[in-house]
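Report on one structure; see the data block that follows.
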Amino acid sequence: MVLLTTGQAAQELGCAVTTFRRLVHAGVLPGLSQRGNRVMIPLPVVQALKSRARAPLEKLAVPEIAVLRVDTARPAPEDDRRWIGFAASLPPADLLAALRGHWRCDVAAVAAGGVLPITLSGYVVAVLTGLQRWEKSAPGRHAFPDAVLAGYLTDLVRPVTHLTAPDAEGRATAGLLLGARLESHSGGAIAYVTTHSASGYAATSSAPHQGS
């Protein structure tokens, strides 16, 4: 089997090495091995990521959604949760706590979208719903205390997904988005993307949003 270094894999995917390493550190890539102090990635893993389809946001019944762009899970500075970010090894309760706050965002826009895809290096790794209520958790930051972990994945390549929403609609939405590519651009953790565009897939919204 052909094995690639992280640098070669990143070059194949057209991304920065640091971007690709987030997927490695999050534990969502199977079949990794060590060669000295280097992580080696099977070529089929990289090919699967490269061929992954874009998230079909046009199937959502809203014109715009927010996207939460996270890093690999690390210890949280707050006392109400253990982690911030994403890792495939986190139990669902810890994962939900790690993702539902505390973010600088336009809370009304997040709630109006009804769904919050969580992306790691441009791939959807988890989905939150239940965003109708929010609270200020720190100066300039908000959390969504009623958020529901509708689904998450533990393997990005096959992918292996876990649909955890209590309702069929939430499970269907998570199944639609998990493992897909979802590009977004923002100066912060939260980006806003339109669900319909002339090119047939989502583009970053140019509409202004007031962070709060």
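The values are calculated or read from the model by the stated rules, or taken from the named source; none is laboratory data. For clarity, every value in this text was computed on a predicted model and none was experimentally measured. Counting neighbours? That spans all protein chains shown, and the Cβs are built from the backbone with ideal geometry, glycine included. Surface areas here come from the heavy atoms of the whole protein model, side chains and all, with no ligands, DNA or RNA. Shrake-Rupley method; radii C 1.70, N 1.55, O 1.52, S 1.80 Å.
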Hey, does segment 114-130 have a residue that's over 9 Å from the mean Cα position of the chain (by Cα), open to solvent by less than 20 Å² (accessible area, probe 1.4 Å), under 17 Å from Arg54 (Cβ atoms) and at pLDDT 95 or above? yes
When Thr161 is evaluated against the numbered criteria (1) within 26 Å of His25 (Cβ to Cβ); (2) touching a residue at least 40 places away in the same chain (Cβ under 8 Å); (3) buried (at least 21 other Cβ atoms within 10 Å of the Cβ); (4) among the hydroxyl-bearing types (Ser, Thr, Tyr), which criterion, by number, is the only one it fails? (2)
Pairing a residue in segment 169-195 that is without any contact (Cβ under 8 Å) to a residue 24 or more places away in the chain with any residue that is in a loop (DSSP other than H, G, I, E, B) and open to solvent by less than 10 Å² (accessible area, probe 1.4 Å), where Cβ atoms lie under 6 Å and the two sit 6 or more apart in sequence or on different chains, gives Arg171/Ala165
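Among residues belonging to segment 186-199 that are open to solvent by 50 Å² or more (accessible area, probe 1.4 Å) and over 14 Å from Glu64 (Cβ atoms), point out the one that is modelled with the highest pLDDT. Give the derivation first.
We begin by selecting, within segment 186-199, every residue open to solvent by 50 Å² or more (accessible area, probe 1.4 Å); these are 187, 196, 198-199.
Narrowing the set further to residues that are over 14 Å from Glu64 (Cβ atoms) leaves 187, 198-199.
Numbers: Gly187: 85, Ala198: 39, Ser199: 43.
Ranking the qualifying residues of segment 186-199, first place goes to Gly187.
Residues checked against (1) open to solvent by 60 Å² or more (accessible area, probe 1.4 Å); (2) touching a residue at least 40 places away in the same chain (Cβ under 8 Å); (3) closer than 17 Å to Ala10 by Cα; (4) out of contact with any strand residue (DSSP E or B) (no Cβ under 8 Å at 6 or more places or on another chain):
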site: Gln47; (1), (2), (3), (4): yes, no, yes, yes
site: Ala55; (1), (2), (3), (4): no, yes, no, no
site: Leu60; (1), (2), (3), (4): no, yes, no, yes
site: Pro91; (1), (2), (3), (4): yes, no, no, yes
site: Asp94; (1), (2), (3), (4): no, no, no, no
site: Ala98; (1), (2), (3), (4): no, no, no, no
site: His102; (1), (2), (3), (4): no, yes, no, no
site: Cys105; (1), (2), (3), (4): no, yes, no, no
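Return yes or no: is Pro166 assigned to a loop (DSSP other than H, G, I, E, B) and touching a strand residue (DSSP E or B) at 6+ places or on another chain (Cβ under 9 Å)? Break it down stepwise before answering.
On the way: assigned to a loop (DSSP other than H, G, I, E, B): yes; touching a strand residue (DSSP E or B) at 6+ places or on another chain (Cβ under 9 Å): yes.
Judged against the criteria, Pro166 is a match.
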